[in-house]
Amino acid sequence: MPFGPLTTTSVGSFPRPTWLAHTKRNQLTFRLEGDALKEAMDDAMALVIREQEQLGLDILTDGEMRRTNFIFHVAGQWDGVDTESLVPKKVYRNREANRVVPRIIGKIASRAPAAVDDLRAAKSHTKRPIKVAVP
């Protein structure tokens, strides 16, 4: 692929539009549910891709717009991971954190690809290369 002397991209997720979600003290609350939420996430992803194209980035990202949570999005596709009965996360010096995480309950095995649909959806909006972050 022909890139200039310096290939440009972005790092990390993009802020979610206020019409999609609200963030307060690291707690993300989506404004919609079900099919309406999925459609809104797809719309937000398309907008993020257009914005990156307008900025002239060489390698684009989906902005992680189709994820409710970075870890749960992938771990939810694995056997051996309980994403329902969550536990508090310990942080530096064993202090309790204000977040809960999935538990490992057995041998981990993939049930389905976790990010392939996200990549396909993003690619449908651009001709430029796409990258998708995975934990």
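What to note about this one:
- GluC sites (Glu not before Pro) restricted to DSSP loop in region 17-59 with at most 16 other C-beta within 10 Å: E33
- Net charge of Cβ neighbours under 12 Å - reference G76; Lys, Arg +1; Asp, Glu -1: -1
- In straight-distance terms, cross-link reach from K131 covers every one of the lysines whose alpha-carbon lies under 17 Å from its own, apart from those fewer than eight places away in the same chain; here that gives K123.
- Helix 34-55 vs. the chain, principal-axis angle (Cα, 0 to 90°, nearest 10): 40 degrees
- Inter-label distance, F70 to L55: 1.6 nm, where each label sits 7 Å from its Cα along the C-beta direction.
- Annotation: Cα Rg of region 3-57 relative to the compact-globule expectation 2.2 N^0.38 Å equals 1.40.
- Virtual spin-label span in nm between L32 and V11, 7 Å along Cα→Cβ: 3.2 nm
- Listed peptides 112-118, 55-61, 44-50 appear in the order 44-50, 55-61, 112-118 once ranked by packing, highest mean of other Cβ atoms within 10 Å at the front.
- Taking max minus min of the alpha-carbon positions on each principal axis, the chain gives extents of 46, 35, 33 Å, largest first.
- Close amide H contacts of V101 (hydrogens built in the peptide plane, cut-off under 5 Å, sequence separation of 5 or more or a different chain): V87, K89.
Every number in this text was worked out from the coordinates using simple rules, so none of it is lab data. The structure displayed is predicted, hence computed values, not measured ones. Because the Cβ atoms are built from the backbone with ideal geometry, glycine has one as well, and the counts that use them run over all protein chains shown.
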